[in-house]
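> Just dropping this structure here.
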Amino acid sequence: MKEERFKKAEFASWIGIIGNIALAVLKGTLGILSDSKALIADALHSASDVAGSLAVLIGVRAAQKPPDKDHPYGHGKAENISAIIVAVLLFLVGIEVGYSSIQTLFKQDLEAPGSIAIYGALISIIVKEGMFQYKYRIGKKINSPAVIANAWEHRSDVYSSIAVLIGIGGALIGERLGVQWLVYLDPIAGVIVALLIMKMAIDIGKETIHTTLDRVLQADEAKDLISEVEKVTGVLHIDEFFAREHGHYLIVDVKIGVNPNITVEEGHNIGKNVKRSLIEKFPNVNDVFVHINPYSPMASTEV
């Protein structure tokens with residue numbers, strides 16, 4: 001199951017790398033030939049996605065490593081780190097794209113780009129939306145924050161390409177109608193692209209950092225896990241229950257109350273059954289730490 005998960009994540013990363021390289025070359029070439037600042041900016045966006053997909057690939061491979069002495073809980077957070085790298089790269093590209101487009105706005109005698117630039121924007125919209133749909137579904141299915149972050153990179157490219165299409169189309173119409181100010185829609189689209197990229201980067205970064213800081217599942221999110229523990233024979237009470245996210249999987253810490261008159265071995269076996277039940281029932285549970293308490297309805301159960 002876990003090996004299949006990593007294979008899907010790696011394949012999705014390679015799809016992103018190959019697709020983005022092709023789109024970056026296509027949009028960059030058409031942008032230069034048509035002298036479209038917006039399309040060139042969009043090409044840079046796709047080029048940054050290549051770096052993002054590479055970061056995801058490295059993170060996914062690192063997350064496959066088993067627990068060791070220095071990382072007893074495993075390497076699941078490697079994917080979160082790669083997602084943060086993706087967010088930082090996106091933000092830096094947004095700044096560069098915005099700066100370049102703003103510079104163009106202040107140029108005199110600006111001309112509209114060539115009509116060939118429209119084809120680059122249209123192809124980008126179709127391909128990137130397809131990549132988003134594929135990666136987002138895979139990311140959700142295998143619970144990979146890095147793949148999901150990378151999918152949103154592709155969606156940000158869709159938005160930026162739509163802005164590019166509007167900017168190029170408006171500039172071409174303005175040139176044909178003799179309305180000079182419409183020519184500036186191309187670099188204005190570049191600025192809009194930059195803002196969209198930076199917003200996407202901030203959203204991805206905030207969500208990933210929140211998850212990386214050992215977020216504990218809330219009661220409504222953990223109710224199925226808690227219910228499974230309660231079903232185990234010998235568990236009289238759940239004193240404490242914490243399920244924390246560690247990358248794509250969960251680490252569970254639970255304190256259970258058992259009959260105080262049973263033997264240590266019997267209590268140990270109940271704890272083993274709790275751990276086995278959670279790991280077998282929930283594929284995203286990687287490890288379970290069970291603490292056994294003597295249960296007394298009249299006493300505090302907090303230990």
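> How many residues does segment 218-254 hold that are under 18 Å from Tyr295 (Cα atoms) and in contact (Cβ under 8 Å) with a residue 60 or more places away in the chain?
Residues in segment 218-254 being under 18 Å from Tyr295 (Cα atoms) and in contact (Cβ under 8 Å) with a residue 60 or more places away in the chain: 3 in total.
> Okay, moving on. Filtering segment 152-167 down to residues that are without any contact (Cβ under 8 Å) to a residue 60 or more places away in the chain and among the hydrophobic types (A, V, I, L, M, F, W, C), which residue is surrounded by the fewest Cβ atoms within 10 Å (Cβ to Cβ)?
By that ranking, first place goes to Ile166.
> Filter segment 279-295 down to the residues that are part of a helix (DSSP H, G or I) and in contact with a helix residue (DSSP H, G or I) (Cβ under 6 Å, 6 or more places away or on another chain) and list them by number.
Lys281
> Is one or more of the residues making up segment 238-245 assigned to a helix (DSSP H, G or I) and at pLDDT 85 or above?
Here is the first cut: in segment 238-245, the ones assigned to a helix (DSSP H, G or I) are none.
No: segment 238-245 contains no residue that is assigned to a helix (DSSP H, G or I) and at pLDDT 85 or above.
> Read through the list (1) in contact (Cβ under 8 Å) with a residue 60 or more places away in the chain; (2) on the phi < 0 side of the Ramachandran plot, then give the number of the only condition that Asp203 fails.
With (1) in contact (Cβ under 8 Å) with a residue 60 or more places away in the chain; (2) on the phi < 0 side of the Ramachandran plot applied to Asp203, the lone miss is (1).
> Within segment 30-39, take every residue that is assigned to a helix (DSSP H, G or I), in contact (Cβ under 8 Å) with a residue 60 or more places away in the chain and not small (Gly, Ala, Ser) and give me the one that is farthest from Leu89 (Cα to Cα).
Leu33
> Name the one entry in Ala121, Ala171, Ala149 that is assigned by TED's automatic domain parsing to the domain that holds Leu39, aliphatic (A, V, I, L, M) and more than 18 Å from Lys27 (Cα to Cα).
Within the list Ala121, Ala171, Ala149, the selection yields Ala149.
The values are calculated or read from the model by the stated rules, or taken from the named source; none is laboratory data. Keep in mind that this is a model prediction, so the values were computed, not measured. In this analysis, Cβ positions are derived from the backbone assuming ideal geometry, glycine residues included, and neighbour counts consider all displayed protein chains.
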